[in-house]
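Following: one structure in structure tokens, then a few remarks.
Every number in this text was worked out from the coordinates using simple rules, so none of it is lab data. What you see is a predicted model; the values in this text were computed from it and never measured. FYI the Cβ positions are ideal-geometry reconstructions off the backbone, even for glycines, and counts take in every protein chain you see.
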Amino acid sequence: MTAETTGSEAEAAGAGAPPADGAARDRAARDGATDVRAAGTGAAGAAAAEGRALGDGTARGRAPVEGVVPGRAAGDRVVPGRAPVEGAVPGGRAADGGAGRRWAAGDRILWRYRDNADGHVHICRPVTVVRDTPDLLAVWMAPGTECVKPVLADGTPVHEEPLATRYTAPRTTVRTRWSGMGVLKLARPRDPWSVWLFWEDGWEFRSWYVNLESPRVRWSGGVDSEDHYLDISVYPDRSWLWRDEDEFAQAQRAGLMGAAQARRVREAGDAAVELIRAWASPFSDGWEHWRPDPSWAVPELPPDWDRTPARTAP
């Protein structure tokens with residue numbers, strides 16, 4: 001499952017044109033973890049394997065501007081960006097996201113995924129809001145963020161379990177720290193995917209990652225979604241690759257996704273590919289030049305990270 005993992009493995013997404021072993025390293029790019037402690041029942045997981053991106057196609061672009069959000073494409077018209085610190089409390093603040101309001105830049109919310117089998121929250125990532133409009137939610141997951149992810153009951157990382165039993169072996173959840181560079185996540189309200197941006201150390205841009213998922217449901221403390229296994233890696237040279245097709249097929253064999261849903265997910269992926277081929281938003285919007293506000297503190301993982309949403313937000 002694409003969204004299931006955290007940290008230094010996320011540093012393994014290929015830069016520029018994908019290397020021969022890009023599939024394994026892009027899978028790592030969504031994962032990696034350190035400082036694993038039990039968050040639910042069962043043994044704590046081991047730190048996930050670390051990876052290093054190869055290749056020399058990294059986009060360097062123009063000098064970054066701290067705290068500035070790039071313009072957003074609206075058809076052929078570019079809407080100028082604004083500084084994400086506008087209206088924010090230094091270091092960020094807890095947001096209630098209640099009905100009738102948008103989150104402000106610097107607010108802290110939870111980005112969560114529900115298990116495909118039982119619907120319980122099994123992935124939780126505290127993030128800082130970069131932009132929240134009717135057209136886009138952009139959030140930043142900082143290095144060192146304490147997250148929750150699933151592991152097997154004996155602590156084995158999910159991606160290390162053989163594919164045949166990956167989705168049937170007993171699981172638990174663990175707390176873990178996101179290591180390496182952070183991740184910028186972009187999501188339009190009705191899109192059945194979100195787009196993640198990865199950088200090398202020193203802010204050399206590496207790649208985009210299209211995570212196919214259900215459209216996010218907003219609630220007072222954040223957004224909830226369900227991962228759909230299939231993903232797409234997109235590189236600065238505009239090349240792209242399907243990812244995790246093996247997991248997508250295995251999830252269907254394991255009964256976690258029916259034929260009708262699988263068709264919808266594949267159609268969603270095809271729609272995302274059309275955006276990539278056209279080099280449309282968000283790939284053309286300049287988000288790779290964005291940088292987080294240095295005043296933002298790393299959000300904390302609350303004790304009730306798996307709480308049931310009390311009310312929805314717009």
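Side notes on the structure shown:
- When 172, 128 are sorted by how many other C-beta atoms sit within 10 angstrom of their C-beta, beginning with the fewest, the order is 172, 128.
- At most 14 other Cβ within 10 Å, DSSP loop - trypsin sites (Lys or Arg not before Pro), the stretch 120-221: 190
- D by Stokes-Einstein for the stretch 248-314, Kirkwood Rh over Cα pairs, 37 °C, 0.692 mPa s: 196 µm²/s.
- Put the Cα centre of the stretch 182-229 next to the Cα centre of the stretch 108-141 and the gap is 8 Å.
- Neighbour-count order for 263, 307, fewest beta carbons within 10 angstrom listed first: 263, 307
- The ranking of 233, 295 from fewest to most other beta carbons within 10 Å of each one's beta carbon is 295, 233.
- Proximal charge balance of residue 124 [Cβ under 11 Å; K/R count +1, D/E count -1]: +2
- Values of log10 I(q)/I(0), in the order q = 0.14, 0.19, 0.20, 0.23 Å⁻¹, for the stretch 128-245 under a Debye, Cα-only, solvent-free model: -0.74, -1.32, -1.40, -1.48
- In the stretch 202-307, the alpha-carbon atoms span a convex hull of 160 Å³ per residue.
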